[in-house]
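Notes follow once the structure below has been shown.
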Amino acid sequence: TVVSNPSAPVGAPSSPAVSGATAPETATSSNPPQRIAISPGVSQGMLIHRVQPIYPKAALQNRIQGTVVLRAVIGKDGKIESLHVVSGPPEFADAAIGAVQQWRYKPYRLNGEPVEVQTTINVNFRIQ
């Protein structure tokens with residue numbers, strides 16, 4: 001059995017607390033930040049549509065396993081705006097990016113307004 005799955009389940013709380021966010025010091029309630037950083041746990045709780053990555057054939061044949069760590073920017077509409085590989089086996093980078101680009105999130109709100117968020121996403125590739 002081959003399993004390629006992200007590190008956290010879908011279905012966590014739908015309204016994350018603002019305390020999980022880090023806003024730039026220049027942001028005020030009348031001037032919301034352009035982008036805030038949130039923890040991977042908070043972003044996983046906002047995930048509403050996940051696409052499983054396809055395990056690359058060459059990696060499977062060579063019995064390679066690993067985790068790809070991605071830095072992501074999620075737009076105000078909940079769509080992935082950008083992804084960058086932080087670390088992980090290069091054999092899995094394209095599969096991880098291809099799947100995560102299709103993920104959708106509940107928009108993160110700060111003071112009632114949707115904001116862009118930056119977070120880290122781990123995509124695990126395991127042979128079982």
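Key figures
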| read-out | value |
| --- | --- |
| Selected residue (only one of G11, G66, G98, G112 is on the phi > 0 side of the Ramachandran plot and modelled with pLDDT of 95 or more) | G66 |
| Some residue of the stretch 47-56 being at pLDDT 95 or above, out of contact with any strand residue (DSSP E or B) (no Cβ under 9 Å at 6 or more places or on another chain), hydrophobic (A, V, I, L, M, F, W, C) and open to solvent by less than 90 Å² (accessible area, probe 1.4 Å) | yes |
| Members of the stretch 99-119 that are closer than 26 Å to A58 by Cα, open to solvent by 50 Å² or more (accessible area, probe 1.4 Å) and touching a strand residue (DSSP E or B) at 6+ places or on another chain (Cβ under 7 Å) | Q101 |
| Residue list for the stretch 39-92, restricted to those being assigned to a strand (DSSP E or B), among the β-branched types (V, I, T) and within 16 Å of Q118 (Cβ to Cβ) | V69, V73, I74, I80, V85, V86 |
| The stretch 103-122 residues that are without any contact (Cβ under 8 Å) to a residue 12 or more places away in the chain, paired with ones that are in a strand (DSSP E or B) and surrounded by fewer than 16 Cβ atoms within 10 Å (Cβ to Cβ) (beta carbon under 6 Å, 6 or more apart) | none |
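The values are calculated or read from the model by the stated rules, or taken from the named source; none is laboratory data. This structure is a prediction, so every number in the text was calculated from the model and none was measured. Reconstructed Cβ throughout: ideal geometry from the backbone, glycine too, with neighbour counts over all protein chains shown. Heads up: the accessible areas ignore ligands, DNA and RNA and are worked out on the full protein's heavy atoms, side chains in. Shrake-Rupley method; radii C 1.70, N 1.55, O 1.52, S 1.80 Å.
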